[in-house]
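The values are calculated or read from the model by the stated rules, or taken from the named source; none is laboratory data. Nothing here was measured: the structure is a model prediction, and the numbers come from that model. Cβ: placed from backbone, ideal geometry, glycine included. Neighbour counts: every protein chain shown.
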Amino acid sequence: MKFVLILSSSWLLAQAPVADPQFQALKHQLEQSQFKVLLAPPPQRGAYGALNPQTRTIWIDPLSFDLGIAVPVLVHEAVHAAQTCKGKGKGNIAPLGLTLEPLVYAQPFWLRYGDIHRKDLEREAFTVQTQENRLDLVSGLLRQYCTK
Ligand SMILES: [Zn+2]
């Protein structure tokens with residue numbers, strides 16, 4: 001029953017326009033870097049966002065707008081996008097070697113996603129996601145690694 005409710009609310013939200021200018025700006029930058037951003041539940045059950053490095057497709061669950069976490073979820077996947085660019089495509093994904101320290105409060109998120117990707121990739125994504133200047137940071141990373 002709970003699953004049905006989640007699906008139907010995702011469907012309703014998917015019909016609504018996405019107004020957040022920060023979300024739109026980052027989505028646009030990702031599209032400029034040849035990533036597709038789908039506002040749809042990720043193929044992996046239980047995640048709000050996902051990235052497939054082979055197809056350069058990013059999923060953002062419409063539910064994350066309802067929860068008020070759409071921007072950090074997109075920032076998280078955008079870090080994986082930069083890692084994908086650094087890995088030179090073909091499904092390779094490489095850590096960026098960030099020296100930022102992860103924040104303690106990021107840990108619950110990190111554990112949540114821990115079984116989906118490799119830990120070093122996740123540490124970077126959650127570290128950037130939880131910084132106050134996360135949008136500037138990730139925008140810079142995309143420029144650095146995804147600009148040809
Ligand atoms: Zn991740």
Query raised in the report: Any idea how many residues of region 38-56 are under 17 Å from ALA94 (Cα atoms) and either within 14 Å of the ligand (Cβ to nearest atom) or without any contact (Cβ under 8 Å) to a residue 24 or more places away in the chain (or both)?
Result: 5
Query raised in the report: Can we say SER33 is surrounded by 12 or more Cβ atoms within 10 Å (Cβ to Cβ), of a type in the set (Ser, Thr, Tyr), modelled with pLDDT of 90 or more and touching a Cys at 6+ places or on another chain (Cβ under 7 Å)?
Result: yes
**Report entry** Conditions (1) surrounded by fewer than 19 Cβ atoms within 10 Å (Cβ to Cβ); (2) in contact with a strand residue (DSSP E or B) (Cβ under 8 Å, 6 or more places away or on another chain); (3) of a type outside the set (A, V, I, L, M): number failed by GLY87
**Finding:** (2)
Query raised in the report: In region 57-72, which residue that is farther than 15 Å from HIS28 by Cα and part of a helix (DSSP H, G or I) is farthest from the chain's Cα centre (by Cα)?
Result: ASP66
Report summary line: Of the residues in region 89-148, those that are of a type in the set (Gly, Ala, Ser), within 24 Å of GLN32 (Cα to Cα) and modelled with pLDDT under 75 come to GLY89, GLY91
